[in-house]
Each structure stands twice: as C-alpha cells, then as structure tokens.
Amino acid sequence: TDATQGYFNNIHHQMKEMVNNLYNHPSIAFWGMWNELDTWGNNNNLQGAFDAGIVARETERLYNFTKKLDPDRFVGFTDCSSLARDGYPSLKGDFCSQNLYYGWYRTPNEFTGFSTALKKVRGLRPDSPVNVAEYGVGVNPYCHVWNQSDAIRDQKDDSKHYEEYGNLFHESHARQIKAMPWLNFTSVWVLFDFPVANRQEGFMDSEDGVNFVRNNNRKYMNDKGLVTRDRQTKKDVFYLYKSLWNKDETTVYITSRRLKYFPAGQDLRIKVYSNAKYLTLYQNGRLVTRMTSSEESSGVVWTFPAVRLKTDEDTFKVVANNGVTDEIILKKAR
C-alpha cells in the first residue's frame with residue numbers, strides 16, 4: 001500500500017533491461033513477472049500492508065508493458081497461494097505457476113495436497129497453462145532410519161532431515177505429476193544444495209537410525225538439492241528422476257545405501273529406483289526373488305518382499321534384465 005510510483009517504474013525498468021539483454025537467448029521460453037509476491041520477506045515494514053487490488057493492477061500494467069517488448073513469448077507469474085488472494089484467479093498472465101511444498105512446510109507427512117491445490121488452480125484458470133515452478137523437501141543424505149515408520153517430518157525438531165522421508169516425498173510427487181498430464185511443466189527445487197545464512201536445520205547424521213551425531217558443517221544450508229553442495233554426493237532421489245527421465249540408459253539404484261547398520265531379526269525391504277524391464281534380487285549370492293514390474297504407478301519404484309539379515313555382513317545385489325547391477329553391504333546393528 002505504501003509503494004510509490006517510482007517503485008513500480010523501477011520494476012518496469014528492470015523488466016525492460018532483462019528482456020532487451022536476453023531477447024535473443026535461445027533458451028528463453030517465457031518471462032516471469034513475479035514470484036511468491038505475498039509471502040516471506042514481504043511485510044508491513046517494507047512497502048506497507050499487502051493489497052491484492054494493487055497487485056492485480058500492477059500485474060496487468062507490467063504484463064502489457066512486457067508484451068510490447070516481446071509479443072511472441074509467454075509472460076506470466078509464480079504464486080504460492082493456490083490463487084487464494086482476492087482477484088488472483090483473474091490476474092493478467094499467459095501462464096500461472098505455483099510453488100507448492102505440501103509435506104514439507106505445509107501438511108507434514110501428507111503429500112496429496114499437492115494434487116488438490118493444482119486441480120483447484122486449474123479450475124480457477126481453465127484457459128491458462130498451469131506449471132509447478134517449485135516443489136521439494138530437505139534431505140540430509142547421511143541422516144537415516146532403519147524403520148520406515150520413523151521416517152517422518154517433525155517441524156518442531158528440524159535437525160533431522162531423513163533421506164527416507166525425502167524419498168517418500170519425491171516418490172509421491174512423481175506419481176501425482178504423472179496423474180496430471182495437463183501440467184505444462186514441473187520443476188524440482190533444487191538440483192544442488194546451497195548455503196543460506198539463517199538456516200540451522202538438517203544437521204543430525206545417523207548411519208544406523210538409532211544414534212544421531214551433530215554435524216555443524218550441515219548448518220546454514222538449504223538441503224533440498226538432489227545433489228549436495230560440493231557436487232560429490234547424488235542423493236537417492238537423483239536416481240528416481242534419472243530413472244523417470246533418462247530412457248536411453250538403464251538405471252538400477254538401491255536406496256538408503258548410506259544406512260550402514262540394520263538390526264537382526266527385523267524385516268528389511270530393499271527398495272530400488274530403476275527403469276529396467278525386470279529386476280532380480282540376490283542376498284549373499286543367492287537368488288531371493290524376481291520382480292517383473294514395480295507394481296506402483298510411477299513405474300520406477302521397486303520394493304522387494306521383506307528379507308532378514310543372515311550374517312554379520314550381508315551383501316545385496318540387484319540385477320536388471322540387461323545385466324546392469326547395483327550392490328550394497330549391510331552390517332548387523334551393533
């Protein structure tokens with residue numbers, strides 16, 4: 001409400017600079033006017049209280065201005081409210097993108113709000129392409145649980161970002177996205193972890209799911225990446241998306257491989273990300289079972305029937321129909 005005309009004129013100036021500088025870049029498909037305009041970082045101490053009417057007015061002005069600069073590319077906006085603000089369903093724009101974090105910031109341990117929100121947006125803007133500009137989850141690839149029921153999101157204790165929880169999050173989102181073929185595009189947030197000065201989270205490590213050790217080097221990090229900041233560790237979910245997207249190469253990847261210890265006498269279900277035609281599981285060199293499909297809707301998440309450790313150190317190997325293999329070693333919990 002307190003933004004001056006000079007403030008909005010500056011936005012137009014920045015848009016003009018961006019379009020003019022990047023107009024001939026072959027990878028530019030569309031222009032974005034704004035992102036998460038009415039959430040974190042925006043408060044009454046900056047430009048005054050939020051005013052949806054001013055947003056609608058200035059979005060239309062910026063849209064018309066940008067279309068004159070480049071009439072051939074789409075111009076749109078990225079929201080994170082599922083168009084809940086007054087006037088948002090009719091905002092000027094060729095497309096509408098959403099940043100959605102159901103199962104992380106919203107509705108911990110429940111992922112289906114993602115589909116519900118997107119279907120709502122599509123109903124409010126039936127003639128506009130709908131995109132997912134961001135979805136993601138914090139994952140520390142060295143924080144594990146052996147009992148899958150313990151892989152939960154606890155917002156009160158943000159020190160543990162279980163890799164197993166991140167796997168469940170992305171598996172669910174992959175299935176939901178596949179069930180909504182009308183989505184124009186989707187974008188995982190993000191490829192690499194990156195530093196953030198005010199984040200102190202996801203810093204507890206565990207290789208047995210029982211004993212947790214503080215690792216202060218993991219503080220001040222947004223760990224939603226599919227790969228660690230140093231580019232050295234590809235998290236499990238990197239291979240989920242590789243299985244989904246790379247059809248030219250057979251992927252076979254056993255998940256939770258950085259969990260080193262597992263209790264004897266407990267059921268263990270080997271989970272694999274793979275785009276193979278069938279998979280065979282071996283334990284200590286002996287055939288356990290063969291699966292001819294993933295038996296779930298994404299087509300790439302294979303969960304074998306339960307087995308139990310037989311020795312102090314068991315080797316599990318999974319072999320695809322064309323011979324591509326992956327192997328892990330699990331030790332009996334100390």
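Select from the range 29-48 the residues that are of a type in the set (A, V, I, L, M) and surrounded by 11 or more Cβ atoms within 10 Å (Cβ to Cβ) and write down the one among them that is modelled with the highest pLDDT. Before you say what the answer is, go through the steps one by one.
Pass one, the range 29-48, residues of a type in the set (A, V, I, L, M): 29, 33, 37, 46.
Filter once more, so that each one left must be surrounded by 11 or more Cβ atoms within 10 Å (Cβ to Cβ): 33, 37.
Details: Met33: 98, Leu37: 87.
Top of the filtered list is Met33.
If a residue has to be in contact (Cβ under 8 Å) with a residue 40 or more places away in the chain and more than 31 Å from the chain's Cα centre (by Cα) to count, how many in the range 62-82 make the cut? Talk me through it step by step, then tell me what you get.
Of the residues in the range 62-82, the ones in contact (Cβ under 8 Å) with a residue 40 or more places away in the chain are 62, 65-66, 69-70, 73-81.
Keeping just the survivors that are more than 31 Å from the chain's Cα centre (by Cα) gives 65, 69-70.
Of the residues in the range 62-82, 3 are in contact (Cβ under 8 Å) with a residue 40 or more places away in the chain and more than 31 Å from the chain's Cα centre (by Cα).
I'd like the full set of residues that are within 28 Å of Pro181 (Cβ to Cβ), hydrophobic (A, V, I, L, M, F, W, C) and in contact (Cβ under 8 Å) with a residue 60 or more places away in the chain, limited to the range 270-323.
Pass one, the range 270-323, residues within 28 Å of Pro181 (Cβ to Cβ): 271-279, 291-303, 320-321.
Filter again for hydrophobic (A, V, I, L, M, F, W, C), leaving 272, 276, 279, 291, 300-302, 320.
Answer for the range 270-323, where residues must be within 28 Å of Pro181 (Cβ to Cβ), hydrophobic (A, V, I, L, M, F, W, C) and in contact (Cβ under 8 Å) with a residue 60 or more places away in the chain: Val300, Val301, Ala320.
Out of curiosity, is Ser206 in contact with a helix residue (DSSP H, G or I) (Cβ under 6 Å, 6 or more places away or on another chain) and over 25 Å from Tyr102 (Cα atoms)?
Values: in contact with a helix residue (DSSP H, G or I) (Cβ under 6 Å, 6 or more places away or on another chain): no; over 25 Å from Tyr102 (Cα atoms): yes.
So Ser206 fails the test.
Mind checking which residues of the range 11-61 are part of a loop (DSSP other than H, G, I, E, B) and in contact (Cβ under 8 Å) with a residue 12 or more places away in the chain?
Tyr23, Ile28, Ala29, Glu36, Leu37, Asp38, Thr39, Gln47, Gly48, Ala49, Phe50, Asp51, listed by residue number.
I'm trying to understand the selection: among the residues of the range 289-322, which are hydrophobic (A, V, I, L, M, F, W, C), over 14 Å from Ile254 (Cα atoms) and part of a loop (DSSP other than H, G, I, E, B)?
Step one: of the range 289-322, the residues hydrophobic (A, V, I, L, M, F, W, C) are 291, 300-302, 304, 306-307, 309, 316, 318-320.
Retained after the next criterion (residues that are over 14 Å from Ile254 (Cα atoms)): 291, 306-307, 309.
Once the filter is applied, which keeps residues that are hydrophobic (A, V, I, L, M, F, W, C), over 14 Å from Ile254 (Cα atoms) and part of a loop (DSSP other than H, G, I, E, B), the range 289-322 yields Ala306, Leu309.
Mind counting the residues in the range 260-298 that are charged (D, E, K, R) and more than 17 Å from Asn321 (Cβ to Cβ)? If you could, list the steps in order and put the result at the bottom.
So the first thing to find is which residues in the range 260-298 are charged (D, E, K, R), and the list is 260, 267, 269, 271, 277, 286, 290, 295-296.
Add one more test, that the residue is more than 17 Å from Asn321 (Cβ to Cβ), and what stays is 260, 267, 269, 271, 286, 296.
Summing the residues that are charged (D, E, K, R) and more than 17 Å from Asn321 (Cβ to Cβ) in the range 260-298 gives 6.
Looking at (1) free of Cβ contacts under 8 Å to residues at least 40 places away in the same chain; (2) in contact with a Gly (Cβ under 7 Å, 6 or more places away or on another chain), which one does Ser97 not meet, given that it meets all the others?
Single failed check for Ser97: (1).
Within the range 103-152, which residues are in a helix (DSSP H, G or I) and either more than 26 Å from Pro263 (Cα to Cα) or within 14 Å of the chain's Cα centre (by Cα) (or both)? I'd like the intermediate steps shown before the answer.
Of the range 103-152, the ones in a helix (DSSP H, G or I) are 113-124, 148-150.
Matches in the range 103-152: Gly113, Phe114, Ser115, Thr116, Ala117, Leu118, Lys119, Lys120, Val121, Arg122, Gly123, Leu124.
Got a number for residues in the range 221-275 being in a loop (DSSP other than H, G, I, E, B), hydroxyl-bearing (Ser, Thr, Tyr) and over 19 Å from the mean Cα position of the chain (by Cα)?
Looking only at that region, the number is 2.
Only one of (1) in contact with a helix residue (DSSP H, G or I) (Cβ under 6 Å, 6 or more places away or on another chain); (2) closer than 30 Å to Gly202 by Cα; (3) among the acidic types (Asp, Glu) is not met by Asp70, so which one is it?
(2)
The values are calculated or read from the model by the stated rules, or taken from the named source; none is laboratory data. The model shown is predicted, which means the values in this text are computed figures rather than measured ones. No Cβ is skipped: glycine too gets one built from the backbone with ideal geometry, and neighbour counts run over all protein chains shown.
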